[in-house]
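Below: one structure, written as structure tokens.
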Amino acid sequence: MMRNLSFVLAAIIAVVVYSSAYTVHQTQQVLIFQVGKFDRAIIEPGLNFKIPFYEEAKFIDKRLLSLDSPEQEVITANQKRLVVDAFARYRIVDPLKFVQAAGGSIVAANSRLATILNSSVRRVMGAESLVSVVRDKRASLMLIIAEQANKEALDFGVKIVDVKIRRADLPEANSASVFSRMQTERQQEAAEHRAKGAQLAKKIRAEAEKEATVIVAKARQQSDILRGNGDAEKNKIFAEAYGKDPEFFKFYRSMQAYENGLTGDKTSMVLSPDSDFFSYFEKNKQ
């Protein structure tokens, strides 16, 4: 009998110890409630105890948590449709509010945060143009979305650390139309550049030809001047030579005539002895 009583007592003690002991991990914080009323928070890791059946421990995650928001369609300020895929990272900063508002459930918190995040994304992006969302202001828009979402998220003990936009694209049907329009615009732009290039090339070529003509004309003019000066100098020298020795000048001119007339190995001439061609020799022979 005593043995059975000891066994029962030991079992009760074991149940009490098991119910009262709990371990706080480094990634957790614990809130202790006494009959539904908050009593204290345990934030240091280690082994702790609570009063069984009187105190309840709520374990809250201290890590950085992720929220994947489903894709949604947003209409921008210039009436362009965008498919936006965003996600957020958040942390539980007020565990008591988190337990009171979301029951300490991550699933419930994610559901509420998804609604808040989607609403902020539509509100912020709906006030911007397509170019701002896709290219110019994307980074700053993510900060604004996080700031606006935090105004509601902090009400249940959650702070959004950052918001990232994975994708912000046109719907598939619109993408093909936009691509076709962009392709046409680029083709028109390329044709315009080619036309301007051809016009500029023609202008440059005309100017080059004009400049070449002027240069050649000036060169020919200079050549004619030099040639004229040379001929004048030559005639002057011939005149001076003729004045000094008319007989030698006649001889020289006759030799030039004979040389020019008998040029080439196959030159044949049929002349009478009293031809003017031999007049110089006939006169000197006498």
> So which strands (runs of 3 or more DSSP E) are wholly in segment 1-51 and hold at least 2 residues that are among the hydroxyl-bearing types (Ser, Thr, Tyr) and modelled with pLDDT of 75 or more?
Replying inline: 21-24
> Which condition number in (1) in the same structural domain as Ile106 (by TED's automatic domain parsing); (2) hydrophobic (A, V, I, L, M, F, W, C); (3) modelled with pLDDT under 90 is the one that Val161 fails?
Replying inline: (3)
> Pick from segment 127-145 the residues that are in contact with a Lys or Arg (Cβ under 7 Å, 6 or more places away or on another chain) and in a helix (DSSP H, G or I): which of them is nearest to Leu170 (Cα to Cα)?
Replying inline: Leu130
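Condition check ((1) farther than 29 Å from Glu56 by Cα; (2) small (Gly, Ala, Ser); (3) in contact with a Cys (Cβ under 9 Å, 6 or more places away or on another chain); (4) not assigned by TED's automatic domain parsing to the domain that holds Ile32) across all residues:
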site	(1), (2), (3), (4)
Arg81	yes, no, no, yes
Ala88	yes, yes, no, yes
Ser105	no, yes, no, yes
Ser119	yes, yes, no, yes
Arg123	yes, no, no, yes
Ser129	yes, yes, no, yes
Lys137	yes, no, no, yes
Leu143	yes, no, no, yes
Ala149	yes, yes, no, yes
>> Tell me the residue from Arg63, Arg135, Arg89, Arg81 that is at pLDDT 85 or above and over 25 Å from Tyr22 (Cα atoms), please.
In response: Arg89
>> With the requirement that a residue be under 15 Å from Val30 (Cα atoms) and of a type in the set (Val, Ile, Thr), what does segment 92-125 give you?
In response: Ile92, Val93, Val99, Ile106
>> If I filter segment 85-102 for residues that are surrounded by fewer than 19 Cβ atoms within 10 Å (Cβ to Cβ), hydroxyl-bearing (Ser, Thr, Tyr), out of contact with any Gly (no Cβ under 6 Å at 6 or more places or on another chain) and on the phi < 0 side of the Ramachandran plot, do I get at least one hit?
In response: no
> Which one is surrounded by the fewest Cβ atoms within 10 Å (Cβ to Cβ) among residues in segment 31-49 that are without any contact (Cβ under 8 Å) to a residue 40 or more places away in the chain and of a type in the set (Gly, Ala, Ser)?
Replying inline: Gly36
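The values are calculated or read from the model by the stated rules, or taken from the named source; none is laboratory data. Since the model is a prediction, treat every value here as computed from it, not as a measurement. So basically every Cβ, Gly included, is an ideal-geometry build from the backbone, and we count neighbours across all protein chains shown.
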